[in-house]
């Protein structure tokens, strides 16, 4: 049922009850108006509670319960220390309302210190939230490979997306630049896709740190608060996280680890796409983007050839494979020679 319709029915029901029952001896119409005000106040409180984040709601409930217990203890002392009467009853009621109000406010404000993920640790034995809670940054969402990994079942548990990251995605998606706009919309599509993957949970959290302006530093602070890991493919964020002693899962590191291993002396088939920087070199690429530099392959551009791997170089951006074309195809040589003669 639509929530708006349900609220209207609740409002009408409370007004009708007050109209027919005449609470406090009030006549029908003023009683109905009083019922409408009371129902409106309840609806306003309900809307406010729905807008609260989980940790704030837990803090408010905990603070309210503790303050009511404290107020009851205070009223017991007042009852024994003061004579029974209207003044004592009024003071007791005032103390109860005051402590309940302050408990709700202070509990909601300090609820930011609560970690809802840690509460599950009380019921899951030795399972550590740190192993299952991961915070996604903007770059890894736009990249999209994290969704592919999650679909394979290698990742599970809770993926946290802060609202400031979601806001950054929306700004990119609304950019006037067509390329940035496409990247932002791709990131939003990736989030929707991840929400439908079984075995994982994507949670949008409102945790923010207004005193911190940089999004990367906010991510690191949130990771410390949740005792979680940051998932990214940003090289600079990876370095800053190491300085702040926050664990990071870098998708690029995972991709490098999963690339096929080629040892010197092995044969491989590669398509030569362009010239290399050095004389008579050709360059090709594997399916995962790994660059392959081949000696004596300039005349084989545009053809798939078999090469021998001579060395493998690991760089900060990935691997580079070097090889040689021992026996260039005579057909390739003759074809290029014919083209040179015609020119």
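Values quoted throughout were computed directly from the atomic coordinates according to the rules given, and no laboratory measurement underlies them. All values reported here derive from a predicted model rather than from experimental measurement. Methodologically, a virtual Cβ is constructed for each residue, glycine included, from the backbone with ideal geometry; neighbour enumeration extends over all protein chains shown.
Which shape class applies to region 3-113: rounded if a/c is under 1.5, otherwise prolate when a/b exceeds b/c and oblate if not, where a ≥ b ≥ c are the square roots of the Cα gyration tensor eigenvalues? Walk me through the numbers before you get to the answer.
Working: a/c = 4.21, a/b = 1.21, b/c = 3.49.
It is oblate, given that a/c is not under 1.5 and a/b is not larger than b/c.
Working out 0.36 nm times the residue gap between residue 4 and residue 213, then minus their Cα-Cα distance, what length gain in nm do you get to one decimal?
71.5 nm
Arrange 152, 308, 132 by Cβ neighbour counts within 10 Å, fewest through most, would you?
If I rank by nearby Cβ atoms, fewest first, I get 152, 308, 132.
Using the 10 angstrom Cβ neighbour count as an exposure proxy, how do 279, 285 rank, fewest first?
279, 285
Between region 139-212 and region 29-44, what is the separation of their alpha carbon centroids in Å?
Cα centroid to Cα centroid, the span is 43 Å.
Could you check the spin-label model distance between residue 72 and residue 224? Points 7 Å from the Cα along Cα→Cβ, value in nm.
For residue 72 paired with residue 224, the spin-label model returns 3.9 nm.
Consider a paramagnetic label point 7 Å from the Cα of residue 239 along Cα→Cβ; state which residues of region 279-303 have an amide N under 17 Å from it.
none
Beyond 20 Å, what share of the Cα-Cα pairs of region 186-262 remains, rounded to the nearest whole percent? Kindly include the intermediate steps, with their values, before the conclusion.
Working: 1349 of 2926 pairs.
Everything past 20 Å amounts to 46 percent.
Once fully extended, how much extra length lies between residue 271 and residue 145, figured as 0.36 nm per residue of separation less the alpha-carbon to alpha-carbon distance?
42.8 nm
Need one number: nm distance between label points at residue 204 and residue 320, each 7 Å from Cα along Cα→Cβ, rounded to one decimal.
Reported label-point gap for residue 204 and residue 320 is 4.4 nm.
What whole-number volume per residue, in cubic angstrom, does the convex hull of the C-alpha atoms of region 117-257 give? Write down the numbers at each step before the final one.
Working: hull volume 17.4 nm³, N = 141.
Here the figure is 123 Å³ per residue.
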